[in-house]
Amino acid sequence: FSNSYQVIYTVAGCADTAYASIEVKPVPQVTVQNSTICLGQVGSVSASANLPNGTWQWSNGSTANSQALSPVATTNYNVVYTLNGCNSLPATATITVLPVPSITVNSPTICLGDPALLIATANPAGGNFYWGPTASAGNNQITVTPTQDTIIPIYNVLNGCFSDTIFSQITVNPLPIISGGSDATVCAGQTITFPAETLPH
């Protein structure tokens with residue numbers, strides 16, 4: 001908006017009049033949009049203003065109103081909007097970067113018929129563990145009793161971020177088969193040897 005002003009200047013009884021107007025330009029206001037990503041993903045920050053046709057200036061040098069970025073850690077981006085020589089107050093948009101979990105799991109060797117305890121660990125700790133081809137959710141331990149060598153996939157999800165899928169390889173050793181030998185009678189204190197052959201299944 002504009003206001004007009006009249007100025008009267010008087011010297012020794014003589015007056016002169018001048019007129020001036022002052023134009024008051026509005027200061028634009030800015031709002032920003034943040035985003036949250038998993039490490040390695042692309043996120044965006046954007047800004048909008050209440051008045052059109054101005055220019056943008058971000059702290060990282062961009063002059064667009066939005067940016068697609070992939071920071072390796074949570075990062076703030078300041079932006080100022082300029083319209084008709086008037087700058088907005090700085091606004092800050094943030095891309096929050098969540099860690100992607102890494103996991104390890106044991107690969108046990110068991111005898112046929114014995115249970116195998118699988119234990120996974122995640123870094124950072126927490127999240128849900130998904131075991132097996134059906135990817136059922138559970139905690140970081142499961143017990144299985146396979147009848148043959150078995151590979152079980154596992155991955156972890158923490159705050160919506162997925163780890164790589166890794167594999168536990170369970171080795172199942174067969175029970176021995178003992179053949180040969182027959183009943184025998186011995187006297188107390190004597191020893192006897194049975195001929196025996198041990199064969200795998």
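The values are calculated or read from the model by the stated rules, or taken from the named source; none is laboratory data. Just so we're clear, the structure is a prediction, and the values are computed from it rather than from any experiment. Cβ coordinates were reconstructed from backbone atoms using ideal geometry, including for glycine residues, and neighbour counts include every protein chain displayed. Please note that ligands, DNA and RNA were not included when accessible areas were found on the heavy atoms of the full protein model with its side chains. Shrake-Rupley method; radii C 1.70, N 1.55, O 1.52, S 1.80 Å.
Summed over all non-identical Cα pairs, the Kirkwood treatment of the stretch 15-67 gives a radius of 14.6 Å. The C-alpha atoms of the stretch 1-115 occupy a region whose extents along the principal axes are 119, 24, 21 Å, arranged from largest to smallest.
Here the stretch 51-150 is described by how far its Cα atoms reach on the three principal axes: 81, 21, 17 Å, from widest to narrowest.
Note that the chain presents 65 Å² accessible area per residue, ligands and nucleic acids not counted, probe 1.4 Å. By the rule of a second cysteine Cβ within less than 4.7 angstrom, the chain holds isolated cysteines at CYS14, CYS86, CYS111, CYS187. Using a Förster distance of 35 Å, how high is the FRET efficiency between SER48 and ILE22, based on the Cβ-Cβ distance and rounded to 0.05? Taking R0 as 35 Å, the efficiency between SER48 and ILE22 is 0.75. Considering only TYR19, LEU117, ASN87, and ranking their Cα positions along the charge dipole of the chain that arises from unit charges at the beta-carbon of Lys, Arg, Asp and Glu, the one farthest toward the positive end is TYR19. In the chain, the portion of solvent-accessible area held by carbon and sulfur atoms comes to 54 percent [1.4 Å probe, whole percent, DNA, RNA and ligands not counted].
A viscosity of 0.890 mPa s and a temperature of 25 °C, combined with the Kirkwood radius over Cα pairs in Stokes-Einstein, give a translational diffusion coefficient for the chain of 99 µm²/s.
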